[in-house]
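The values are calculated or read from the model by the stated rules, or taken from the named source; none is laboratory data. Just so you know, these numbers come straight off a predicted model, no measurement behind them. All Cβ positions, glycine included, derive from the backbone under ideal geometry; neighbour counts span all protein chains shown. Surface areas here come from the heavy atoms of the whole protein model, side chains and all, with no ligands, DNA or RNA. Shrake-Rupley method; radii C 1.70, N 1.55, O 1.52, S 1.80 Å.
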Amino acid sequence: GAGADNDLYINQAVVFIEDAIQYRSINHRVDSKSLWLYRWYYSRTCQWILSLTITVILALAFIEEPSSLTITSDVRYRLPAWNPPCGLTESIELLCFLVFVVDVSVKSYLIGWKEFWKNKWLMAYILTLIVSLTDWIVSLSFFCKESVRVRRILRPFFLLQNSSMMKKTLKSINSTLPEMASVVLLLAVHLSLFTMFAMLLFARTKDNQQDKEWVVYFRNLPESLTSLLVLLTTANNPDVMIPAYSKNRAYSVFFILFTVLGNLFLMNLLTAIIYNQFRGYLLKSVQSSLFRRRLGIRAAFEVLSSLKETPASAQQSCVSVGALLQVLQKAEMDSRCKQAIMRSLKMCSCDQLSAAQFQKLFEELDKDAIKQHPPSPEYQSHFMQKVQFAFGHPYFGYLGNVVALANIISICVVLVMDADKQPSERDDFFLGAINCFFILYYLLEMLLKILAMGFKRYLSYPSNRFDGLLTVILLILEIATFAVYGFPHPGWRPEFMGLLSLWDMVRLVNMLIVFRFLRIIPNMKFMALVVTTLLDLVKNLRAFAGILVVVFYAFAITGIMLFKGAIVPLGNTSAANTTHDNGTVQCGTYEQLEYWPNNFDDFAEKNVISWCSAHFQAEVIYYLLYVLSVHLICRWAKIYFVAWWLISSVIWVNLFVALLLENFIHKWDRRCQRESLSDIEYQRTVELMFRDVLEEPTEEELMEKLHQHPHLQLCR
């Protein structure tokens, strides 16, 4: 009957509003059972289970063979790692795969058969599951002894497909690749030309003493390319130039020209192109998100306008305020937005809402989240009012910063004085006494601020929570120190007792005090601007971080399969090519620098190597060259490291710089438009960053898209 239809329309509107809030597509089934399943799937519990499953299957790489469960990764001292028995991690994998099967089944059902064939991500999801399950069966049939497991490389896909923002970011990166490829090609031409010049310039002669440049860096084409590629990152500068420069200073012109053209011009040009192109494609992506939000809200309006209680005499579509209130009561949305919409409805004198009014109500979703701090307590006593004024004044906070600075200086003085002393000669009385004094001051400061501001208002400030938490931890550590070692006195050097020695306890306290000094940041306007920009990036860069995890994971698994066991300690017969005489090794080599912990023998260590390689540190270059020239037969392995450097250091870092610049410029441009009051905090998202330059979709565009909905039949 009419009541059942009205309930269906209300539930459809609730789902469409929730889709708009989360920027989700509305192209899904809209019957009663499907709506229930849809809301259940996107509930916090279901999404938490799915996120936990993705985390678990990614974390398996740390305990699977080769396991990362060792204290050190140094091949000389590392004990045999515990490897789980066959079937343990495979059972966990199977449970994860079952969750993913349920996930893809529900998604496929909800969007319908026609939409499924248009969705490449879902088809790739199913293909990944089929390959992973096949590889899982093969693994069990070989009793977990196979060396290559394809499903490990495919695991990051589960993380990638679960995030719509990661998909958009990946699409933006993919669209940016043609422009980046032109600059990368120019870099390749630059590198090739200078490689040929170098091979001609530093060709072999009859005098071996004069051929050091040729012997070390330019013996053949692969070594010449490698040397100049590393020079492009400045990791081997000036080492690569020294042999030729010591022969003739004019040779420096070649290396300076190569560095200026490649590093200063082409690399920075690449950064500029990536910033410009990626910003444009990201803007398009955010524009599509805005269209989804407007479409979801308009879809909710259209279904609500189909309710039986809507006046038939109305010349245009309208929605009753009562129906909207029912939707707001059921919809999962931020309490701030819900309260703001309800306030607007109460202020509205009309009973019916037009499409424009309905859309305008939900513009509250597009506004910055503003956090108001609770009011301070109101004291009746004149004395307490004066106390509140004194200790709630900003100057009291400045005094606390001065005291914290004095504490830092005193710690530095003591550390300088005791730097060369043996532990038995060190007198911890002075440091213990000043720490006790400063911690008592911090406690008193915290209590007085709570008295002046009230407990709720005090906790509403992140800086106060940070300050208060460290003060409580410092107080607990100080009480524990006194309980175990007694009060400070001259010659205070008690014997070791408990879990930590006295010096360890004091060091821990001092580290926390130094960390506490960061409380000065909110009081410095421009430093606070930089820090808030970084914090906003941490909040809003989940898509970038996710893609970085995907790339790290895939390269780490590939590196383990290619290079596992390549690094062996001295004395092993497989390391016969290593040059060392009478137990000594050549200065500057892998062995002399003791880079033994840098290897490809487990997942955790490979990620550390990948992080260092992404920044092309000089030490990692030595390590890379050592692995390639001594331990690995195949010279084509250089492609792996160059590909990783291009993806992580060149492309991803520049993308990060692009969004960092966008975020910082946005905040910098608006710093004068807003009051820098401590009572107001603005929280921004990537969508809100571009809000000023986005175009609103037209009425015709929205209605055309709604009429193309595969499962929704509009009455009007």
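In Å², and per residue, what accessible area does region 1-170 have when probed at 1.4 Å with the other protein chains present?
Details: 8830 Å² over 170 residues.
On a per-residue basis, region 1-170 sits at 52 Å².
Can you send over the solvent-accessible area of Lys360, 1.4 Å probe, protein chains only, in Å² to the nearest 10?
Rounded to the nearest 10, that gives 140 Å².
So who's got an amide H within less than 5 Å of the one on Leu353, skipping anything under 5 residues away but keeping other chains? H placed 1.01 Å off N, in plane.
Here the answer is Val319, Ser320, Val321, since their amide H atoms fall under 5 Å of that of Leu353.
Which of the pairs Lys107/Lys167; Lys330/Lys705; Lys338/Lys360; Lys171/Lys705 have their Cα atoms more than 20 Å apart in this structure?
Lys330/Lys705; Lys171/Lys705
Keeping all protein chains in the complex and leaving out DNA, RNA and ligands, what accessible area do you get for Phe603 with a 1.4 Å probe, in Å² to the nearest 10?
The accessible area comes out at roughly 10 Å².
Suppose accessible area is computed on protein heavy atoms with a 1.4 Å probe; arrange Ile10, Ile639 from highest to lowest.
Values: Ile10 10, Ile639 100 Å².
These residues rank, largest area first, as Ile639, Ile10.
Give me the one-decimal nm value for the distance between modelled label points at Phe487 and Val102, 7 Å along each residue's Cα-to-Cβ direction.
Reported label-point gap for Phe487 and Val102 is 6.2 nm.
Give me the percent of accessible area attributable to carbon and sulfur for region 1-170, probe 1.4 angstrom.
68 percent
How much length is gained if the chain between Gln422 and Met347 is pulled fully straight, taking 0.36 nm per residue apart and subtracting their Cα-Cα distance, in nm to one decimal?
19.5 nm
Which ³J(HN,Hα) values, rounded to whole Hz and listed in residue order, are derived for region 8-22 from phi using the Karplus coefficients 6.51, -1.76 and 1.60 in 6.51 cos²θ - 1.76 cosθ + 1.60 with θ = phi - 60°, glycine and proline given as x?
5, 4, 4, 5, 4, 5, 4, 5, 5, 5, 5, 4, 5, 4, 8
Run the 1.4 Å probe and let me know the accessible area of Tyr395, rounded to the nearest 10 Å².
150 Å²
What three numbers, in Å, describe the spread of the alpha carbons of region 1-170 along their principal axes, ordered from the longest?
Per principal axis, max minus min of the Cα coordinates gives 76, 31, 29 Å.
Starting at the first residue of region 67-74, write each ³J(HN,Hα) from the Karplus equation 6.51 cos²θ - 1.76 cosθ + 1.60 with θ = phi - 60°, in whole Hz, x for Gly and Pro.
6, 9, 7, 10, 5, 10, 9, 5
Once each part is reduced to its C-alpha centroid, what is the distance from region 40-65 to region 102-125 in angstrom?
20 Å
Quote to one decimal, in nm, the extra length available between Ile130 and Ala250 on full extension: 0.36 nm per residue of separation minus the C-alpha distance between them. Could the numbers behind the result be given before it?
Details: separation 120, 0.36 × 120 = 43.20 nm, distance 6.19 nm.
Taking Ile130 through Ala250 to full extension adds about 37.0 nm, to one decimal.
Sorted by accessible area with a 1.4 angstrom probe, largest first, how do Tyr275, Tyr245, Tyr442 fall?
Tyr245, Tyr275, Tyr442
Packing-wise, with mean Cβ within 10 Å as the measure, how do 215-226, 376-387, 184-195 rank, highest first?
In descending order of packing, they fall as 215-226, 184-195, 376-387.
With a 1.4 Å probe and all protein chains in place, put Trp113, Trp214 in order of accessible area, largest first.
Trp113, Trp214
If packing is taken as the mean number of other Cβ atoms within 10 Å per residue, what is the order of 47-56, 459-468, highest first?
Going by the mean number of other Cβ atoms within 10 Å, highest first, we get 459-468, 47-56.
Out of residues 5 or more away from Gln22 or on other chains, whose amide H comes under 5 Å of its own, with H placed 1.01 Å from N in the peptide plane?
Those qualifying (amide H under 5 Å, at least 5 residues apart or on another chain) number zero.
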